[in-house]
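Contents: one structure, followed by commentary.
The values are calculated or read from the model by the stated rules, or taken from the named source; none is laboratory data. All values derive from a computational prediction rather than experimental measurement. Here Cβ is always computed from backbone atoms with ideal geometry, including for glycine, and neighbour counts include all displayed protein chains. Just the protein is used for accessible areas: all its heavy atoms, side chains included, with ligands, DNA and RNA removed. Shrake-Rupley method; radii C 1.70, N 1.55, O 1.52, S 1.80 Å.
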Amino acid sequence: IINSHLYQSFFAARQSKVLLSACCPSLGVDPLLWLPMTSLERSRFLRWRMGWLPGKPCPCACGLHHTSRHHLIDCLGVSICLGVLSTSLPNPIDFVLNQLPMSRPRNNNKTPFWTCVWPFLCCIMVEMDQICLPDGDFTTSLEEDHGALLLKWLPK
């Protein structure tokens, strides 16, 4: 009875709360916590999930707006880069993150999707970090092979 109530409360809250709606569609450990990736990649994705990225509004590099989740998604052309609809709910980034495997895949039917999408998503997160933290040191981020650890982990 208690679990049933918790599930009902969770799914009711997901429909009305923006950040909750962006979380994983099922209860459990978010794959971002255990999937193979660098600590910088994990930090960026977790900050995105928690609503800490983009952080405090600052002028965007485009010069038109201040940084916000919605503006950065539009400004960086995220939906085009990821090959998903701009109307994907709750937004194109969380739409893709919600498709991350909850366990190691047994077959390689999703490997082509992740091979195309994951490096772009990692690069997008670096770009967002650079826009939101213009004084940050991103020299190591520029040299990295974005998303390589996850791609090596996927079945061939």
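Structure summary
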{"read-out": "Selection from the range 74-98 of residues that are of a type outside the set (Asp, Glu) and open to solvent by 90 Å² or more (accessible area, probe 1.4 Å)", "value": "80, 85, 87, 89"}
{"read-out": "Residue 105 vs. criteria surrounded by fewer than 12 Cβ atoms within 10 Å (Cβ to Cβ) and at negative phi", "value": "no"}
{"read-out": "Residue that is surrounded by the most Cβ atoms within 10 Å (Cβ to Cβ), among those in the range 26-47 that are hydrophobic (A, V, I, L, M, F, W, C) and assigned to a helix (DSSP H, G or I)", "value": "45"}
{"read-out": "Matching residues in the range 41-62 - criterion: being over 18 Å from residue 135 (Cα atoms) and in contact (Cβ under 8 Å) with a residue 60 or more places away in the chain", "value": "41, 45, 48"}
{"read-out": "Members of the range 118-156 that are of a type outside the set (Asp, Glu), open to solvent by 10 Å² or more (accessible area, probe 1.4 Å) and either closer than 17 Å to residue 83 by Cβ or part of a loop (DSSP other than H, G, I, E, B) (or both)", "value": "119, 120, 123, 133, 134, 136, 138, 146, 151, 155, 156"}
{"read-out": "Matching residues, the range 48-73, being over 15 Å from the mean Cα position of the chain (by Cα), surrounded by 13 or more Cβ atoms within 10 Å (Cβ to Cβ) and not in a loop (DSSP other than H, G, I, E, B)", "value": "71"}
